[in-house]
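Participant: Pasting a structure below so you can have a look.
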Amino acid sequence: MSGQPRVPTLFEWMGGQPAIDELLAIFYGRVPSDPILAPVFAQMPREHALHVAAFIAEVLGGPKVYSAELGGHPHMIRRHLGRALGEPQRQRWMGLLLECADAVGLPADPEFRSAFVAYLEWGTRMAVLNSQEGAQVNENAAMPSWGWGEVGGPYVP
């Protein structure tokens with residue numbers, strides 16, 4: 001279908017790596033003063049925001065830096081083991097990230113926001129599940145890949 005225009009990835013549509021880096025920098029800049037999230041992230045390394053930005057970028061169709069350099073999805077799962085995250089932390093993470101998305105001017109069109117929020121909902125719910133007692137790492141877990149409403153089937157950690 002050479003006559004069809006190429007549909008940009010969510011990563012491209014939102015402004016690429018600069019937009020994601022700015023989003024996560026603003027978000028993690030606000031976390032220390034947030035009463036719900038500050039305790040969760042109190043011991044996070046300085047480079048945490050850059051690692052999360054690389055992860056989200058790859059999931060949304062950007063470069064595969066997280067897989068190539070930071071351990072891929074199994075590493076992200078390991079980062080959540082034993083943290084016992086709950087619904088209050090998940091909801092606040094979502095809410096604050098979306099506030100920051102507005103603050104940095106991410107696209108507000110319904111198609112983008114629907115796909116973006118769908119990924120964040122799925123991802124935060126997986127983080128909560130992977131943080132509970134007994135959660136295990138599937139060393140073969142593929143990186144999630146998110147697009148404009150299509151999903152590659154159920155994910156098994």
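The values are calculated or read from the model by the stated rules, or taken from the named source; none is laboratory data. Bear in mind the structure is a predicted one, so any value in this text is a computation, not a measurement. Methodologically, a virtual Cβ is constructed for each residue, glycine included, from the backbone with ideal geometry; neighbour enumeration extends over all protein chains shown.
Participant: How many residues does region 40-61 contain that are over 28 Å from residue 7 (Cα atoms) and at pLDDT 95 or above?
Facilitator: Counting residues in region 40-61 that are over 28 Å from residue 7 (Cα atoms) and at pLDDT 95 or above gives 0.
Participant: Another question, if that's okay. Could you give me the residue pairs with C-beta distances under 7 Å whose first residue belongs to region 34-53 and is within 22 Å of residue 19 (Cα to Cα), whose second residue is outside any loop (DSSP other than H, G, I, E, B) and of a type outside the set (A, V, I, L, M) wherever it lies, and which are 6+ apart or on separate chains?
Facilitator: Final answer for the pair search is 48/28; 49/28; 53/21.
Participant: Continuing with the same structure: Take residue 58 and tell me if it is free of Cβ contacts under 8 Å to residues at least 24 places away in the same chain and of a type in the set (Asp, Glu).
Facilitator: The answer is no for residue 58.
Participant: Wholly within region 1-94, which helices (runs of 4 or more DSSP H) include no fewer than the required count, namely at least 3 residues that are more than 15 Å from the chain's Cα centre (by Cα) and crowded, with 16+ Cβ neighbours inside 10 Å?
Facilitator: Values: elements: 10-13, 16-30, 38-41, 48-59, 65-69, 72-80.
In region 1-94, there are no helices (runs of 4 or more DSSP H) which contain 3 or more residues that are more than 15 Å from the chain's Cα centre (by Cα) and crowded, with 16+ Cβ neighbours inside 10 Å.
Participant: Using the structure shown, decide if residue 65 is touching a residue at least 40 places away in the same chain (Cβ under 8 Å) and in contact with a helix residue (DSSP H, G or I) (Cβ under 8 Å, 6 or more places away or on another chain).
Facilitator: Criteria not met by residue 65.
Participant: Just a yes or no: is a residue in region 85-108 among the small types (Gly, Ala, Ser) and within 13 Å of residue 124 (Cα to Cα)?
Facilitator: We begin by selecting, within region 85-108, every residue among the small types (Gly, Ala, Ser); these are 86, 95, 101, 103, 105, 108.
After this cut, where a residue has to be within 13 Å of residue 124 (Cα to Cα) as well, the list is 86, 95.
So far as region 85-108 goes, yes, one or more of its residues are among the small types (Gly, Ala, Ser) and within 13 Å of residue 124 (Cα to Cα).
Participant: I would also like to ask the following. Filter region 124-157 down to the residues that are modelled with pLDDT of 90 or more and hydroxyl-bearing (Ser, Thr, Tyr), then identify the one that is farthest from residue 112 (Cα to Cα).
Facilitator: 131
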